[in-house]
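These notes are about the structure you will find just below.
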Amino acid sequence: MNSNPSGIANGTGVNSRSTTTNRLLRSTTTTLGSHYQIGRILGSGNFGEIHLGRNTETHEHVAIKLEQTSTRTPQLAHEYRFYSMLGKHDGIPQVHFYGQAGPCNALVMELLGPSLEDLFDLCSRRFSLKTVLMIALQLLDRVEYVHAKNLIYRDVKPENFLIGRGSTNRQHIIHIVDFGLAKEYRTTDGTHIPYREHKSLTGTARYMSINTHLGREQSRRDDLEALGYMFMYFLRGSLPWQGLKADTLKERYQKIGDTKRFTTNEMLCESYPRQFLIYMRTVRQMEFAQEPDYDGLRRLFHNALSENNLINDNDFDWVKRLQEHRLNRSKTAATATTVTNATVAGMTLANVPTTLSTGINNVNTNKNIPTVTNPSSSIVQTPTIRNNNNNNNNNTITTNESRNRSTIQRNTYHQRQLPLSSTNRSTNPTTATLNGGSKTTLSMASTSKVQLTLPSSSSSRTAIENHRPGPPPTKRRGLIPPPPPLPYYSYNHTHQQQQSANVNNSNNIHISKEQHSSIIGPPSEPTCCFFKRKAKRALQITSTTPRRT
């Protein structure tokens, strides 16, 4: 899908129309009329946005063009009137509805395919001679039909010519869209509009005619000259006046117009079939109100096809490219689905062990403890070892299958290591291993290799509760036995001075033995990280204060 499927002008629009700076859908209802639903945004430009829509009755996809009602120069009403004048014709998109959607004007029209600019990028920004000639023949038909309805287009650029969708079997038809800058060149009595000068620039500077740059009133000749510049753009890949630098926008337009006037037709069409040179000479020499010879111009391109042994069979350069692009996209989607299914299957079948070991391995065994590591996840599976000499219930904690599966899936999706495992730096088989995602970890377990005493049966039940996934309980019983009672501690003298101005009677704050034994231990022993980070600001405690009597 192209970024501008309904032809909203997104080039260098020179006519003064306010630019939409925010998403219109944020302040717009999601329904339009009685049976149109507004969907995601497809593109935006200087004058509005285009959204994907759907007919809730026929389930047909449509394009919905939105414009703020508060804009100083509303254009959708004029565009809808011009589409009504054009009626149903090949290369003219069908309009289904026009109305308001919240604070926006909305125009519902036929959903089309990519623009010529998108297809130009798809073909490495160069069209073959055959493709350009077939494009020229179709666009001459479109412009002639528009002129026959007493309209001049005034906004020729590749972004405003779109092919049909493949699902409608109209991908070989080039459509003309975006009549926001169109104008009637005949009055109600059928006379041609008068010639004027000092007009503001209207259109896209890259393709507009020289007369438009000079501020002259546009007519049918200007549409045809702009088409000629676009044909040469497709053949050459770029135009001589592209990429000009200037301090202001007005200076840039002036430089583009000067470069066009100084670039002769021979320079522009050099090394290309002479029919393009004849076309440019013809349209540049036309008078303001002169009626173009559309048949003669089409005859030029038919002769170019025959002279180069080419056939107008609608086999454009982008046909095969689009097929390859869609095929590659389908393969990519299928590959992604296969990989996702394989990952899910591997996780559910291969990553679920029968038991999880959260106890401490037996020290008396001489056999090596095999560790199974699944390469597709960060889960380390340690087989359960049962001690036949002692009470095996004290050494091995076995959880049920559902708890294992939930623990495995949680660790797999979050891709985080278990707190401590048998593959850490410590090789001591008596080092405590806490699996199952418990947030209680040992700060020195992997470095100091402190031999621990197994907890009692009541402690084992507590460890099982801590092993379950979910939020940690309010109170935990650590695996390390509490240290022996120590003397009372008081705040540091420095801390007392800092807090004396804010807290009254805080010079002699003491903590009890029970509080001390649960918060701090001897410096040489490992401490529980859960309690260390329980308080936001840790207490500064010193043992040099004498005991109170």
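Can you find a residue in the stretch 37-54 that is over 26 Å from the mean Cα position of the chain (by Cα), open to solvent by 60 Å² or more (accessible area, probe 1.4 Å) and either modelled with pLDDT of 75 or more or not assigned by the TED database to the domain that holds Leu76 (or both)? No: the stretch 37-54 contains no residue that is over 26 Å from the mean Cα position of the chain (by Cα), open to solvent by 60 Å² or more (accessible area, probe 1.4 Å) and either modelled with pLDDT of 75 or more or not assigned by the TED database to the domain that holds Leu76 (or both). On the given criteria, is Leu162 aliphatic (A, V, I, L, M), closer than 29 Å to Ala106 by Cα, open to solvent by less than 10 Å² (accessible area, probe 1.4 Å) and not in a loop (DSSP other than H, G, I, E, B)? So Leu162 fits the description; yes. Of all residues in the stretch 282-319, exactly one satisfies the criterion of being part of a helix (DSSP H, G or I), touching a residue at least 40 places away in the same chain (Cβ under 8 Å) and among the small types (Gly, Ala, Ser), namely Ala304. Does Ser84 count as within 16 Å of Ala182 (Cα to Cα) and open to solvent by 70 Å² or more (accessible area, probe 1.4 Å)? So Ser84 fits the description; yes. Applying the criterion of being out of contact with any Phe, Trp or Tyr (no Cβ under 7 Å at 6 or more places or on another chain) and in contact (Cβ under 8 Å) with a residue 60 or more places away in the chain to the residues of the stretch 192-205, the residue that is nearest to Lys320 (Cα to Cα) is Thr204. Please determine whether any residue of the stretch 312-327 is on the phi > 0 side of the Ramachandran plot, surrounded by 10 or more Cβ atoms within 10 Å (Cβ to Cβ) and not aromatic (Phe, Trp, Tyr). Yes; the residues of the stretch 312-327 include at least one that is on the phi > 0 side of the Ramachandran plot, surrounded by 10 or more Cβ atoms within 10 Å (Cβ to Cβ) and not aromatic (Phe, Trp, Tyr). When the residues of the stretch 167-186 are filtered to those that are in a strand (DSSP E or B) and among the basic types (Lys, Arg), the one that is surrounded by the most Cβ atoms within 10 Å (Cβ to Cβ) is Lys183. The condition (being over 21 Å from Lys320 (Cβ atoms), of a type in the set (Asp, Glu) and loosely packed, with under 15 Cβ neighbours inside 10 Å) is satisfied by just one residue among Asp189, Asp141: Asp189.
Scanning the stretch 240-253 turns up no residue that is in the same structural domain as Glu197 (by the TED database), among the acidic types (Asp, Glu) and buried (at least 21 other Cβ atoms within 10 Å of the Cβ).
Across the stretch 254-281, the number of residues qualifying as in a helix (DSSP H, G or I) and either modelled with pLDDT under 95 or open to solvent by 50 Å² or more (accessible area, probe 1.4 Å) (or both) comes to 9. Looking at Glu225, is it open to solvent by less than 20 Å² (accessible area, probe 1.4 Å), at negative phi and part of a helix (DSSP H, G or I)? So Glu225 passes the test.
The values are calculated or read from the model by the stated rules, or taken from the named source; none is laboratory data. Note that the structure is a prediction, hence the values are computed from the model and not measured. As a convention, Cβ positions derive from the backbone with ideal geometry for all residues, glycine included, and neighbour counts pool all protein chains shown. Quick note on the areas: whole protein, heavy atoms, side chains included, nothing else; ligands and nucleic acids left out. Shrake-Rupley method; radii C 1.70, N 1.55, O 1.52, S 1.80 Å.
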